[in-house]
Amino acid sequence: MDKMVIVGGEKLAGEVRISGAKNAALPILASSLLVDGWNTFHNIPDLLDIKTIKKLLKSLGVEMEGEETLRINAGGITQCEASYDLVRTMRASILVLGPLVARMGEARVSLPGGCAIGARPVNLHIKALRELGAEVALKDGYVEAKASRLKGAEIYFDISTVTGTENIMMAATLAEGTTILKNAAREPEVVNLAEVLIGMGARIHGAGSDVITIEGVESLHPADAKVIPDRIEAGTFLIAAGITDGDIRITGCEPLHLDALIAKLRDAGMSIDTAEDTIRAKGGGILRSVDVKTLPYPGFPTDLQAQIMALMAVAVGLSVITETVFENRFMHVSEMIRMGADIVIQGKSAIVRGVPKLHGAPVMATDLRASASLILAGLAAEGTTVLSRVYHIDRGYQQIEKKLSALGADIRRIPG
């Protein structure tokens, strides 16, 4: 396995462009299953998870052309089964369930495997599909769903679920009648998907609020749409500016999607200036500790919790970082402690006492965002950090080592 070698101590400076959002591109690619004809999707990131869903869609008979601009045609679907071998590597594969049932009348999708950052059960997807009139059974590790045509219904999600909202919103576009999703996820990625579906002829109102209304239509048509910028990648580079006391101009981003993070970074002493699609982030010399609590959007993103913990590890004072979204998302803590961080876990909170300096060490990534946090810690550390299991970072950051190198970081990838 490849490793990342980081020699810390460099102040990052310069300009970096943000790639398309992984968590928006995945459901948008899945939405192509609803349409007979060639869709064109722009700003598709080059990531391991994107390669996985493309492989899954191709296994169903979907045609594809291109990379960053991807033309995709699901007119010739040959099967409705997503096998375990494909689904097990990426939980977002469950997103093909709703579109397949809605358009093809049936789907057989493997249950996703375990998740390193905690349970993400698909029971909410299954419950909602049943409320739309589908017959759903669990058999031999697969979700088997059938419906001659789905029927509109009022659906309440017990907890805010992004993939659940996306899956059922896609399914409801072709249902008979009106579907109302209550306690729907409000994330920008949900809004982006809704905009793509509307471009296909869907009738959707309220995306971005906690109540989304979908009036079913008989059929959809191909669309030409763009994936939004990755707010988590942008946030990671904002934190990189702070942890290295650097000066970074981030382009091709959406500052409004990062309000919660920007507020915390300003409280910590950073200078953040925003424009229409750019953010300039400068370190403030001395970082101050801030408390953070992860929440569904528009709250502080759970996907940036590990990264801001790295920042707080070198801030002055004590910070409390509370994780409310996933129950097992502190696995990066033990690795940061190896680098000299002073962090204690108390239930759902991490108590972080800032230290003057982190120290390079061999560390291991346990999940996607943990790997980003350890790279950030390595950038700030004294000495050399060697990060193993970097395949995690390739799932969600496009060529992160090249982007960081262009900003002045001493970072390189070596074959494992």
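Each value in this text was obtained by applying a stated rule to the coordinates, not by laboratory testing. Note that the structure is predicted; figures quoted are calculated from it, not measured. All Cβ positions, glycine included, derive from the backbone under ideal geometry; neighbour counts span all protein chains shown.
Measuring how big region 197-331 is from its alpha-carbon positions, Rg and Dmax come out at 18.0, 59 Å. A simple spin-label model places pseudo-atoms 7 Å from Cα toward Cβ; at Glu176 and Asp85 they are separated by 3.9 nm. Charged side chains reduced to their Cβ positions (Lys and Arg at +1, Asp and Glu at -1) give the chain a dipole of some 760 debye around its Cα centre. For region 329-411, build the charge dipole from Cβ charges (+1 Lys, Arg; -1 Asp, Glu) around the Cα centre, then report which of Thr385, Met336, Leu407 sits farthest towards its positive end. Comparing the listed Cα positions along the dipole, Met336 ranks first. Selection among Pro112, Thr173, Ala25 by position relative to the dipole of the chain gives Pro112 as farthest towards the positive end (Cβ unit charges, Cα centre). Amide H contacts of Leu174 (H built 1.01 Å from N, in plane; Pro and chain starts excluded): Val217 sit under 5 Å, all sequence-distant by 5 or more or on other chains.
If you take the alpha carbon atoms of region 275-322 and fit the smallest convex hull around them, that volume is 93 Å³ per residue. Work out the charge dipole of the chain with +1 on the Cβ of Lys and Arg and -1 on the Cβ of Asp and Glu about the Cα centre, then indicate which of Gly283, Thr52, Ala82 is farthest towards its positive end. Sorting the options by dipole projection puts first Gly283. Restricting the calculation to alpha carbons of region 1-122 gives Rg and Dmax of 16.9, 57 angstrom. A viscosity of 0.692 mPa s and a temperature of 37 °C, combined with the Kirkwood radius over C-alpha pairs in the Stokes-Einstein formula, give region 48-188 a diffusion coefficient of 213 µm²/s. Beyond 25 Å in Cα-Cα separation lie the following of the pairs Lys22/Lys55; Lys293/Lys403; Lys51/Lys403; Lys127/Lys151; Lys182/Lys264; Lys55/Lys226: Lys293/Lys403; Lys182/Lys264. The string of couplings for region 59-66 from the Karplus curve (6.51, -1.76, 1.60, θ = phi - 60°) is 5, 8, x, 7, 8, 9, 9, x Hz, one whole number per residue in order, with x for Gly and Pro. Taking amide H as placed 1.01 Å from N in the peptide plane, Gly246 has its amide H under 5 Å from the amide H of Leu12, Gly283, each at least 5 places away in sequence or on another chain. Taking a quarter of the surface of the Cα convex hull of the chain gives a mean projected area of 17.9 nm².
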